[in-house]
Amino acid sequence: MPAALTPKKTPLDLQLFTSVHDLPNNPTDRWLTWLSQAANKGKLWLVIAAILGTRKGPTRRAAFRGMGSLWVSSALSNGVIKPIFRRVRPVAYPDKPVARTLRRAPRTFSFPSGHSASAAAFATGVALEAPLVGVAVAPIALAVGFSRIRVGVHYPGDVLAGFGIGTGLALASQHWWKVRPARPAKVRTTQVAPSLPGGAGMVIAVNPNSGGASDDSVGLLRAALPAAEIIELTPDSLLAELLDEAAPRAKALGVAGGDGTVAAAAAVAVAHNLPLAVIPAGTLNHFAADVGIRSLDDVVSAVEAGEAVRVDIAEVGGIPFLNTASIGAYPEMVRRRDELAPRLGKWPSLVIAAAQVLHDQKPIRMDLNGTTVSAWIVFVGNCSYTPRGLSPAWRPRLEDGLLDLQYLRADTKWSRSRTVLTQIFGITEHTGLYRDQMVKEVVVRSLSGPQEIARDGEPAESATEFHFVKRPGKLIVYRPHDL
């Protein structure tokens with residue numbers, strides 16, 4: 001290996017290493033040694049991620065991003081960079097106390113510190129999604145880096161390089177998986193929603209089969225809104241029918257469930273010109289997150305104060321949807337992604353799902369507003385979605401009056417393989433495969449026979465023609481004005 005590739009110990013690097021090593025022995029040495037060993041193979045961070053993952057929302061996303069960044073930084077540091085530079089570790093000191101002796105001395109090269117890279121990647125990834133949690137994790141990451149110098153297995157330069165690699169890779173993860181903004185989408189406030197102390201005059205439908213529902217969901221609702229009428233759905237009941245029957249006696253409607261359940265309740269609310277309270281109780285709760293409803297407390301505050309906003313809805317075939325509708329490979333891709341996401345995370349799951357579905361998928365010839373195309377996927381969003389590409393995640397606005405039409409062409413050479421590869425590298429929107437436009441109305445006619453459509457994540461009917469339109473500001477949703 002050429003000598004030029006071997007980072008030499010600078011006088012400052014060696015001096016700092018000696019200074020840290022020669023610090024007086026103290027009770028924290030045992031803790032630092034334990035911490036250094038606990039971080040072996042990312043075990044320490046895996047435990048912290050498991051704890052963070054028990055809570056939905058930003059902390060769970062923080063756990064996924066942190067571990068994903070850690071795995072990439074560890075593979076790069078240990079599998080690629082160390083074999084290139086081949087820096088020898090510090091010489092062992094014979095007088096080193098037992099409290100600072102690792103159970104197993106590392107046998108790999110020294111530069112960069114893989115422990116430090118993993119620590120920085122995890123802490124930075126967590127901080128991107130949940131800043132306050134990141135502040136709590138950062139001192140642990142710094143302590144792990146310091147411990148590698150204190151126990152004598154790394155020079156300070158190794159640790160600093162590891163911190164730089166881990167931090168950089170975690171920040172770069174935003175190219176593939178952008179951080180969701182803390183602020184909700186832009187909406188228009190309205191004063192037409194009634195103030196309902198204790199929920200008096202409100203009828204709330206609860207879907208106990210939603211992914212986020214729990215056995216005490218109804219009990220929590222009754223305690224928070226004791227004057228509201230609560231209807232629990234059974235396997236044989238239809239939410240739309242129950243709410244439609246209750247609407248004449250209600251001043252407002254409420255729904256606790258996932259996006260599909262919320263969309264069904266929204267259709268009834270719009271039909272009867274009633275405001276809707278959305279209680280996040282599904283697996284993903286995309287609509288509630290975009291509106292800015294994070295908890296039951298937000299709903300109660302808005303309902304009792306009579307604070308609400310107007311948002312757009314979209315329709316296809318006369319049936320409303322709040323988030324997205326899709327034709328082609330996308331419905332099946334989303335199903336498989338959601339099955340894999342709890343174990344693998346959103347981005348790896350989408351890549352695997354795309355590869356699996358596109359392996360067997362046949363292109364669809366269709367007419368899009370008079371233009372004939374061959375496509376793998378057609379996506380229609382209620383308002384403009386970001387980031388652009390195959391996996392849009394949120395909306396900056398919920399009242400732009402437009403439909404977000406996106407599709408992936410299938411009439412180019414190697415389009416099947418290119419679709420998967422561009423998704424892996426996060427550049428789908430920059431290729432010739434990708435097309436998008438913002439429209440107020442779109443008609444999709446399948447020239448390849450009946451196709452299945454999915455609305456708000458729920459597979460629906462098959463047809464050969466789909467007519468999408470916007471209904472600007474038609475839905476009134478309770479939301480505190482100070483969000």
Residue list for segment 44-73, restricted to those being crowded, with 22+ Cβ neighbours inside 10 Å and either free of Cβ contacts under 8 Å to residues at least 60 places away in the same chain or within 20 Å of VAL153 (Cβ to Cβ) (or both): LEU44, TRP45, LEU70, SER73
Residue check, ALA277 part of a strand (DSSP E or B) and touching a helix residue (DSSP H, G or I) at 6+ places or on another chain (Cβ under 9 Å): yes
All positions within segment 221-274 that are charged (D, E, K, R), in a loop (DSSP other than H, G, I, E, B) and surrounded by 15 or more Cβ atoms within 10 Å (Cβ to Cβ): LYS251
Residues that are surrounded by fewer than 17 Cβ atoms within 10 Å (Cβ to Cβ) and either touching a helix residue (DSSP H, G or I) at 6+ places or on another chain (Cβ under 6 Å) or in a strand (DSSP E or B) (or both), drawn from segment 180-189: LYS186, ARG188, THR189
Residue in segment 152-166 that is under 13 Å from ARG65 (Cβ atoms) and either among the charged types (D, E, K, R) or assigned by TED's automatic domain parsing to the domain that holds TRP71 (or both) present: yes
Among residues of segment 291-317, those that are farther than 19 Å from ARG55 by Cα and either in a helix (DSSP H, G or I) or not β-branched (Val, Ile, Thr) (or both), counted: 16
Qualifying position, being at pLDDT 80 or above, among the hydrophobic types (A, V, I, L, M, F, W, C) and either surrounded by fewer than 16 Cβ atoms within 10 Å (Cβ to Cβ) or closer than 25 Å to LYS43 by Cα (or both), among VAL206, VAL153: VAL153
Among the candidates PRO208, PRO194, residue that is assigned to a loop (DSSP other than H, G, I, E, B) and closer than 29 Å to ARG61 by Cα: PRO208
Residue check for ALA288: under 28 Å from ARG395 (Cβ atoms) and of a type outside the set (Lys, Arg): yes
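Listed here are the residues, each with its yes/no results for (1) assigned to a loop (DSSP other than H, G, I, E, B); (2) in contact with a Cys (Cβ under 9 Å, 6 or more places away or on another chain); (3) surrounded by fewer than 15 Cβ atoms within 10 Å (Cβ to Cβ).
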{"site": "THR108", "(1), (2), (3)": "yes, no, yes"}
{"site": "PHE111", "(1), (2), (3)": "yes, no, no"}
{"site": "HIS115", "(1), (2), (3)": "no, no, no"}
{"site": "SER118", "(1), (2), (3)": "no, no, no"}
{"site": "GLY125", "(1), (2), (3)": "no, no, no"}
{"site": "LEU128", "(1), (2), (3)": "no, no, no"}
{"site": "VAL137", "(1), (2), (3)": "no, no, no"}
{"site": "ILE140", "(1), (2), (3)": "no, no, no"}
Every pair of residues 6+ apart whose Cβ atoms lie under 7 Å, when the first sits in segment 328-346 and is farther than 22 Å from ARG60 by Cβ while the second is surrounded by fewer than 17 Cβ atoms within 10 Å (Cβ to Cβ) and modelled with pLDDT of 70 or more: PRO331/GLU452; PRO331/PRO459
Checklist (1) within 26 Å of VAL357 (Cβ to Cβ); (2) in a strand (DSSP E or B) applied to ARG335, failing item: (2)
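The values are calculated or read from the model by the stated rules, or taken from the named source; none is laboratory data. Since this is a predicted model, take the numbers as computed values, not measurements. No Cβ is skipped: glycine too gets one built from the backbone with ideal geometry, and neighbour counts run over all protein chains shown.
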